[in-house]
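The values are calculated or read from the model by the stated rules, or taken from the named source; none is laboratory data. All figures in this text were calculated on a predicted structure; none of them were measured in a lab. Cβ sites come from the backbone with ideal geometry, for glycine too, and all protein chains shown count toward neighbours. The accessibility values were calculated without ligands, DNA or RNA, using every heavy atom of the protein model including side chains. Shrake-Rupley method; radii C 1.70, N 1.55, O 1.52, S 1.80 Å.
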Amino acid sequence: MTTLIRNGTVVNATGRMAADVLVDGETIAAVAAPGVFTEADTIIDAAGKYVIPGGIDGHTHMEMPFGGTFSNDTFATGTTAAAWGGTTTIIDFAVQAKGTSLLSTMDKWHEKADNHCAIDYGFHMIISDVNDSSLKEMESCIDAGVNSFKMFMAYPGVFYSTDGEILRAMQRASETGSMIMMHAENGIAIDQLVAQAIAAGRTEPLHHSLTRPPELEGEATSRAIQLAKVTGAPLYIVHLSARHALEAVAAARNTGQNVFAETCPQYLYLSIEDMKKPDFEGSKYVASPPLRPKDHQTDLWRGLRTNDLSVVSTDHCPFCFKDQKELGRDDFSKIPNGMPGVEHRMDLLHQGVVAGEISLERWVEISSTTPARMFGLNGRKGTIAPGADADIVVYDPTAKQTISAATHHMNVDYSAYEGMDITGKVDTVMSRGAVVIADGAFHGREGHGKFLKRDLSQYLI
Ligand code: URP
Ligand code: ZN
Ligand code: ZN
């Protein structure tokens, strides 16, 4: 089966050009001057559109246990929604429960995901029980292509690791060349602020943000960076939301340390003001780290331009307003933490291109090319080039759409971006040569997506 995508503008992280793309089977066979190829089994006309590598969302939580419930997208529904939005790879977090092993956790996540995904997928591993055995198991995870390990400085008693435990895991990461990903918030201090707020009757969703001040994200980020420096481990700060944390990352990067960070669309477009919405609507925006005052957004966009923020992922972790967010109606600390977003990352970031915050090439870089390199998929994903997987999005930069829960495909009863007008829209999506989205319809299938055994990071300095 061959497919010819012609008349479009091919956009890679390195530049843009008028070119036609020939797909043969699952891979890209050629990128050629317009008109060089004239025949194929299928021809897609991309006139007036961009032809970009499929998005890679390096941070999702499908079917994740949290706060006595589960995030509401399955691997089937979540990856289908991702495809609708031009994302053709996700990397989801397998969550080690305390008292269980990393390998049994990996098996469990394979059971959830295998034969259910509409697009390709990989795993990171959350370590929440650091001991001799789990530290040893890191090697087996790496051999199985799961070579990035998330740790938490937040959520004492649940996912939290002490500095000593983090240090030990970082030593293993340093020895093996693997990556430590950090949820950097000072959970010990935060839990005191939360207890004080609840005791004083400050129970509304807004207080989720007020009890997790940006200083405590900055402090934890700095501490993680110092621990990484002592151990020599590569460090990737997940879901960075605050200028205080960004400053710490930028300072470390200026010394040449292997420190990287991602931010998420919610921190670029939403703010603490959304958490003030009446009738418990603010709960829709409860995630950690929390939404910040709007002025942090200027710094985050600058960080994306300077590469102190190298990646934008979604941290997609959808809980329905009804019955799930409502668990915390009388106590914000019982609201499951997380927001939906996997479907709209490419569109939301394209607004950054429209607004002049980032270039077209940088859009592709932060949403696809760098995640591919960061997470060991270089050459396979993240580029429109011969030999790469034919994960391709034809994107219409002038189409208009309005984000709404009434039309989205995520399995959640609200949108954090309800009513937001977007310029640009996914037109066609291919996953390894198969058309999954075209003509406003889903043509993919549950189980098409393959597990990606990832190499070690190809982004280290
Ligand atoms: O609130 C969030 N971010 N929920 C998902 C879990 C995590 O910390 O990434
Ligand atoms: Zn986290
Ligand atoms: Zn997350």
Revision key, fill the gap. To the nearest Å², the heavy-atom accessible area per residue of the range 286-428 with 1.4 Å probe amounts to 31 Å²
Exercise for review: Rounded to whole Hz and in sequence order, give me ³J(HN,Hα) for the range 372-382 from the Karplus expression 6.51 cos²θ - 1.76 cosθ + 1.60, θ = phi - 60°, writing x for Gly and Pro.
Suggested key: 4, 6, 4, 10, x, 10, 4, x, 7, 10, x
Exercise for review: Sort the following peptides by mean Cβ neighbour count (other Cβ atoms within 10 Å, averaged over residues), highest first: 304-311, 413-420.
Suggested key: 304-311, 413-420
Practice item. Hey, can you grab everything whose amide H is under 5 Å from the amide H of PHE66? Only 5+ residues off in sequence or another chain; H modelled, so Pro and N-termini drop out. Key: SER71
Review point. So how compact is the range 73-167: Cα radius of gyration and Dmax in angstrom?
Key: 14.3, 43
Study note, to complete from the structure: For the range 243-248, in residue order, the Karplus 3J(HN,Hα) values (coefficients 6.51, -1.76, 1.60; θ = phi - 60°; whole Hz; Gly and Pro = x) are 4, 4, 6, 4, 4, 5
Review point. Karplus couplings for the range 391-400 from phi (6.51 cos²θ - 1.76 cosθ + 1.60, θ = phi - 60°), rounded to Hz, Gly and Pro as x?
Key: 9, 9, 10, 9, 10, 8, x, 10, 4, 10
Practice item. Report in % the part of the accessible area of the chain that belongs to carbon and sulfur, leaving out ligands and nucleic acids; probe 1.4 Å. Key: 51 percent
Revision key, fill the gap. Taking the chain and counting helices only, DSSP H stretches of n ≥ 4 at -39,500 (n - 2.57) each over all residues, the nearest-500 ellipticity at 222 nm comes to -8500 deg cm²/dmol
Study note, to complete from the structure: Between ALA195 and LYS294, the two model label points (7 Å from Cα along the beta-carbon direction) sit apart by a distance in nm of 3.7 nm
Check your understanding: Given 20 °C and 1.002 mPa s, how large is the Stokes-Einstein diffusion coefficient of the chain in µm²/s, with Rh as the Kirkwood radius over Cα pairs?
Key -> 97 µm²/s
Study note, to complete from the structure: Extension length gain for ARG445 and THR38 (0.36 nm per residue less Cα distance), in nm, is 143.6 nm
Point to revise | Two-site FRET efficiency, LEU460 against THR27, from Cβ-Cβ distance with R₀ of 41 Å, rounded to 0.05 | key: 0.95
Point to revise | Contour excess over end-to-end distance, with Cα ends at GLU215 and LYS108 and 0.36 nm allotted per residue | key: 34.9 nm
Exercise for review: Assign unit charges at the C-beta atoms only (+1 for Lys and Arg, -1 for Asp and Glu), then state the dipole size of the range 147-250 relative to its Cα centre in Debye, rounded to the nearest 20.
Suggested key: 180 debye
Review point. By per-residue mean of other Cβ atoms within 10 Å, what is the highest-first order of 241-248, 150-157?
Key: 241-248, 150-157
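For each pair in LYS98/LYS136; LYS276/LYS425; LYS325/LYS400; LYS276/LYS322; LYS284/LYS400, compute the distance between the two Cα atoms and list the pairs where it is over 27 Å.
Violating the 27 Å limit, Cα to Cα: LYS276/LYS425; LYS325/LYS400.
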Revision key, fill the gap. Length gained, VAL230-ASN115, 0.36 nm per residue minus C-alpha separation, equals 37.2 nm
Exercise for review: Sort the following peptides by mean Cβ neighbour count (other Cβ atoms within 10 Å, averaged over residues), highest first: 438-444, 286-292.
Suggested key: 286-292, 438-444
